[in-house]
1. Is it the case that the range 28-40 has a residue that's under 28 Å from Gly147 (Cβ atoms) and surrounded by 11 or more Cβ atoms within 10 Å (Cβ to Cβ)?
2. Would you check which residues across the range 117-134 are in a loop (DSSP other than H, G, I, E, B) and farther than 23 Å from Asp57 by Cβ and list them?
3. In the range 91-108, what residues are open to solvent by 50 Å² or more (accessible area, probe 1.4 Å) and part of a loop (DSSP other than H, G, I, E, B)?
4. Pairs under 8 Å by beta carbon, first residue on the phi > 0 side of the Ramachandran plot in the range 138-164, partner of a type in the set (Lys, Arg), six or more apart or different chains?
5. Please go through the range 34-83 and give me each residue that is under 20 Å from the mean Cα position of the chain (by Cα) and part of a strand (DSSP E or B), ordered by number.
6. Any residue in the range 169-178 that is part of a strand (DSSP E or B) and within 18 Å of the chain's Cα centre (by Cα)?
7. Which of (1) touching a residue at least 40 places away in the same chain (Cβ under 8 Å); (2) within 29 Å of Met44 (Cα to Cα); (3) assigned to a strand (DSSP E or B) does Gly86 not meet, given it meets every other one?
8. Are there any pairs with C-beta distances below 7 angstrom linking a residue in the range 44-64 that is more than 20 Å from Ala154 (Cα to Cα) and open to solvent by 90 Å² or more (accessible area, probe 1.4 Å) to a residue that is of a type outside the set (Asp, Glu) and assigned to a loop (DSSP other than H, G, I, E, B), with the two at least 6 apart or on different chains, and if so which?
Amino acid sequence: MTPLIPMAASLAAEQKSAEVTDWAARIGWLVGLVLFVALVYWLMREGWKWRGTLQGDLPELPTAPDDPGPARLGMSGRYHGSTTAGQWLDRIVAHGLGTRSRVELTLTDAGLDVVRPGATDFFVPAEALREARLDKGIAGKVLTEGGLLVVTWAHGDRLIDSGFRSDHAAEHGEWVDTLNNMISKSNDTEGAR
């Protein structure tokens, strides 16, 4: 065994270490990766713009009236987006409806006022409201069962689902009850005419 130790030491002394870095190849791969990521982001942006073009027939969003009346309910939270009603993956991006943001919701007798700092505000008139429900997902946002307040409303010739999440999820049930009662009373009043 002793003759092996000197032989191993002499072999180790004779070996030369390989080049640590091939800088040209490394820089080439890095530039290629950056270009690939830039291409993917550019394609995503073009797809978003194309979707907005396809939804160009959607009318302008209504704005809140000067005097909407006293607030029935108020909520602060997150706006997660709008989709075609019943199709939770068909995001609507026209007029800024696809932009996620913070939100301040106010429900009055006139309708639902959606104030979004940094994004386009809009107003849903009471006669356009169709339904409110608790759901678990909308266009790229999935939560626990009942974690999302979804309001269905008519705009132009489309039915739209808009998803909201309150900072205090316990408020969702009160919003669903109040909105659905308001909608059913509005339908009863229209039916009596």
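The values are calculated or read from the model by the stated rules, or taken from the named source; none is laboratory data. Note that this is a predicted model, so its numbers are computed, not measured. Because the Cβ atoms are built from the backbone with ideal geometry, glycine has one as well, and the counts that use them run over all protein chains shown. Each accessible area value is taken on the protein alone, full model and side chains, heavy atoms only, with ligands, DNA and RNA left out. Shrake-Rupley method; radii C 1.70, N 1.55, O 1.52, S 1.80 Å.
1. No.
2. The answer is Pro117, Gly118.
3. Thr99, Arg100 - these are the residues of the range 91-108 that are open to solvent by 50 Å² or more (accessible area, probe 1.4 Å) and part of a loop (DSSP other than H, G, I, E, B).
4. Ala139/Arg91; Gly140/Arg91; Gly146/Lys136
5. Selection gives Met75, Ser76, Gly77, Arg78, Tyr79, His80, Gly81, Ser82, Thr83.
6. No, the range 169-178 has no match at all.
7. Every listed condition holds for Gly86 apart from (3).
8. Sorted first by the residue in the range 44-64, then by its partner, the pairs are Trp48/Val93.
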